[in-house]
Amino acid sequence: MAHHHLVLIIMMVLSAMGGCSGDTESFIFGGCSQVKFMPGTAYENSVNTLLTSLINSATFTNYNNNTLQPTPSSSSATLYGLYQCRGDLSNDRCSRCVERAVSQLGTLCLDACGGALQLEGCFVKYDNVSFLGVEDKTAVMKKCGPSIGLTSDAMARRDDVLANLEASDNTYRKSGSGNVLAVAQCTGDLSPSECQDCVSTAIQRLKMECGASTWGDMYLAKCYARYSEGGSYSRNTNDDSNHNDDEIEKTLAILIGLIAGVALIIVFLSFLSKVCEKHKGGK
């Protein structure tokens, strides 16, 4: 019985730890091309090489793209790829997010010639059709919160915050007023004017389609805009990371203590069992 409790405790604690560390790695949307490639071909090797290069690059920069030209003997297609991490992520968190996105792409888009995946903290895309530097305002994901949540004052603040986002000229943009916060970002391959056009479109659609919702997310193919009343965009990423590290350390300390306690119980029960057997043998 003690062994069963030990396994249960470990599973519960590891699950809790996964919830802490998975904030930037939570799934938002993904899609794959309908065209498939044959496993074991040169194209599969190219996909693996390209995605590995993106993971490696993410250890030192929040955005990069890569074009993989085929070798003359492989007769494979040219392959294009990019990743974009959220502008406030550290290199460490960016690389972990990209690695997680690539792993999920491998499952979601198995044998697909192209695929795209958006996690909370990063976006990864690859294809054999060039998309680098091409503006794309296709709506890929929209979510709105409760539609009767914002008061007229809160809506006015929301509109001001989104106007500030639209007025910014950065690739990654944050704004806030009171408890209304918003964020927007483009992929790094867009020019400043293309980014501005994409963000403006996302903001206008967000206001139109989410109305008085307490929060809203509008993801276009190359940019997104999001707002929230008292939502997650107010959190300081570095503080969160340190807090999560502290929580994980505390959790590990508790886990080690529990394991040690259960181990002592097992040893004690084993000792009692041997004592009982000796007494029975004596009789």
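Just so you know, all these numbers are worked out from the coordinates, no wet-lab data involved. These numbers were taken from a predicted model, which means no experiment stands behind them. Neighbour counts are summed over all protein chains in view; Cβ atoms, including those assigned to glycine, are modelled from backbone coordinates with ideal geometry.
List of remarks:
- Rounded to the nearest 0.05, the FRET efficiency derived from the C-beta distance between residue 34 and residue 108 at R0 = 22 Å is 0.95.
- When peptides 211-221, 161-171 are ranked by their average number of other Cβ atoms within 10 Å per residue, the highest-first order is 211-221, 161-171.
- Under a 5 Å amide H cut-off, with hydrogens placed 1.01 Å from N, residue 213 pairs with nothing among residues at least 5 apart or on other chains.
- Label-to-label distance for residue 49 and residue 209 is 3.8 nm, based on points extended 7 Å past Cα in the beta-carbon direction.
- Exceeding the 23 Å Cα-Cα cut-off - candidates 36/142; 142/207; 174/207: 36/142
- Linear extension gain, residue 169 paired with residue 60, 0.36 nm per residue minus alpha-carbon span: 36.9 nm
- The label-point distance for residue 132 and residue 156, in a model that sets each label 7 Å from Cα toward Cβ, rounds to 4.8 nm.
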